[in-house]
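The values are calculated or read from the model by the stated rules, or taken from the named source; none is laboratory data. Please read all numbers here as calculations on a predicted model, not as lab measurements. Glycine gets a Cβ as well: all are built from the backbone with ideal geometry, and neighbour counts include every protein chain shown.
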Amino acid sequence: MKKLAVLLAMLATTSFCWAANEKQDVANRLQKAGQVLNAIMAAPDKGIPNEVLESAKCIAVVPNLLKGGFIFGGEGGVGVASCKTANGWSAPAFFNIGGGSWGLQIGGEDVNLVMVVMNDKGMQEIMSSKVQLGAGAGVAAGPVGRQASADANWKMNTAILTYSRAHGIFGGLTLHGAVITRNNDDMKAVYGPETSTKSVLNGEVKTPEIASSFLGAIHHAMHQAQASGE
């Protein structure tokens with residue numbers, strides 16, 4: 001019995017340490033995602049157009065992509081997403097992204113990805129446990145420049161607009177065929193094992209304190225976009 005009790009105690013301690021370490025990793029990722037959005041919004045005449053931001057249903061950020069042969073050959077990253085609800089922006093949900101054709105972009109190890117979801121179909125895809133971009137709702141490299149939204153094609157049939165940033169250089173990024181899946185470890189560490197991605201992004205789950213920097217960056221970006229459009 002003593003051996004069993006010791007074993008159970010060791011397992012409990014190991015589980016607690018794993019959860020604590022995982023939650024700290026998530027906190028760091030949320031902070032970096034907020035920094036990425038703040039850096040993009042600080043660019044004077046480059047970045048995501050104000051009209052795109054004002055129309056956004058969800059915003060997702062992958063702070064660090066692991067690049068392969070070109071920029072991202074067959075590898076992936078870990079990201080966070082929040083969606084607009086009747087009561088403001090939702091708590092963040094966590095996902096993995098990888099595979100697909102990422103397009104030939106600028107090189108560099110520290111590459112950021114931003115996805116702006118533009119309609120309800122794109123929102124439903126983001127909320128699912130697994131989705132291949134471009135297979136259902138349209139996905140395209142987003143227009144760049146604060147007032148660069150004169151080309152209205154994205155308003156008509158594009159569900160998700162994608163952007164990349166590396167070494168301070170910002171531009172659209174092709175993401176056809178990339179697969180987004182639920183990040184079970186991060187979701188479990190923050191919300192517990194039974195919380196669904198959909199319930200988080202629908203605003204049914206309280207926002208954790210560790211998400212304040214990421215949600216703050218989204219609110220700041222929206223405020224700037226609205227102020228510029230007035």
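Considering the range 43-159, the qualifying helices (runs of 4 or more DSSP H), each wholly inside and each with 1 or more residues that are crowded, with 16+ Cβ neighbours inside 10 Å and modelled with pLDDT of 65 or more, run over 50-55, 120-127. For the range 177-230, the helices (runs of 4 or more DSSP H) that sit wholly inside it and include 1 or more residues that are touching a helix residue (DSSP H, G or I) at 6+ places or on another chain (Cβ under 6 Å) and among the charged types (D, E, K, R) are 184-191, 197-201. Taken over the range 181-210, residues that are more than 19 Å from residue 86 (Cβ to Cβ) and not acidic (Asp, Glu) amount to 14. Filtered by the rule that a residue be surrounded by fewer than 20 Cβ atoms within 10 Å (Cβ to Cβ) and in contact with a strand residue (DSSP E or B) (Cβ under 8 Å, 6 or more places away or on another chain), the range 203-214 gives a lone residue, 203.
Residue count for the range 162-202 under the criterion of being out of contact with any strand residue (DSSP E or B) (no Cβ under 7 Å at 6 or more places or on another chain) and modelled with pLDDT of 85 or more: the result is 13.
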